[in-house]
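Shown next, in structure tokens, is the structure this report addresses.
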Amino acid sequence: MQEAAEAYCRVIEAASGTDRITFVNEVAVSLSMAVAAAYRLPDLDLDSGSAVEDPHERISPEQWFSRMKDIQRVVEDWDNYWTTINAYRLDDATGLPDPELDTFEEKAANLSLADALADIWRDLRNGLDSLSRGVSPEEVTWDWRFTFKTHWGSHAVDALRAIHQQVTDQS
């Protein structure tokens with residue numbers, strides 16, 4: 001996972017010096033590797049909780065905003081894309097997906113690719129920074145798995161879908 005996180009962060013941190021097609025292709029490769037690595041992370045039970053700092057506290061809002069703006073400048077008009085939220089809404093009685101519970105308007109969301117990529121960067125960079133500060137690999141692994149399941153994983157799959165569509169539409 002560490003190698004995949006490093007590769008992704010390198011791509012994001014070099015965004016301002018990259019053209020759009022190269023950037024999105026490199027994002028697609030490195031982000032796919034990070035997602036694959038995250039799915040293989042072990043489920044660790046840490047007694048004391050994780051020593052990894054909250055990424056919102058470690059990465060300043062100014063750092064995150066600067067990274068997001070760099071990405072926006074590269075992706076330009078590819079920044080906003082449509083996706084769905086809550087793909088499966090479960091029926092309380094059966095526990096099964098019920099497509100009748102939501103309307104399209106309740107599921108549709110217009111999101112920012114730059115925001116998603118910067119959020120993923122923040123979560124992965126936080127783990128890398130924690131490792132360099134001496135936080136144990138187990139604690140960072142726990143944090144990467146937790147944030148993958150609760151935050152950056154959804155951003156990743158949505159961003160990959162949006163990138164895939166733009167790249168294939170251009171060819």
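The values are calculated or read from the model by the stated rules, or taken from the named source; none is laboratory data. Computed from a predicted structure; not experimentally measured. Here Cβ is always computed from backbone atoms with ideal geometry, including for glycine, and neighbour counts include all displayed protein chains.
Observations on the structure shown:
- Answer from L124, L111, L128, L117 - the residue that is at pLDDT below 90, within 16 Å of the chain's Cα centre (by Cα) and either within 26 Å of E62 (Cα to Cα) or assigned to a loop (DSSP other than H, G, I, E, B) (or both): L111
- Filtered by the rule that a residue be modelled with pLDDT of 80 or more and either touching a Lys or Arg at 6+ places or on another chain (Cβ under 7 Å) or surrounded by 12 or more Cβ atoms within 10 Å (Cβ to Cβ) (or both), the stretch 44-64 gives L44, I59, Q63, W64.
- Subset tally (residues that are among the aliphatic types (A, V, I, L, M), in a helix (DSSP H, G or I) and farther than 12 Å from V75 by Cβ) for the stretch 10-49: 10
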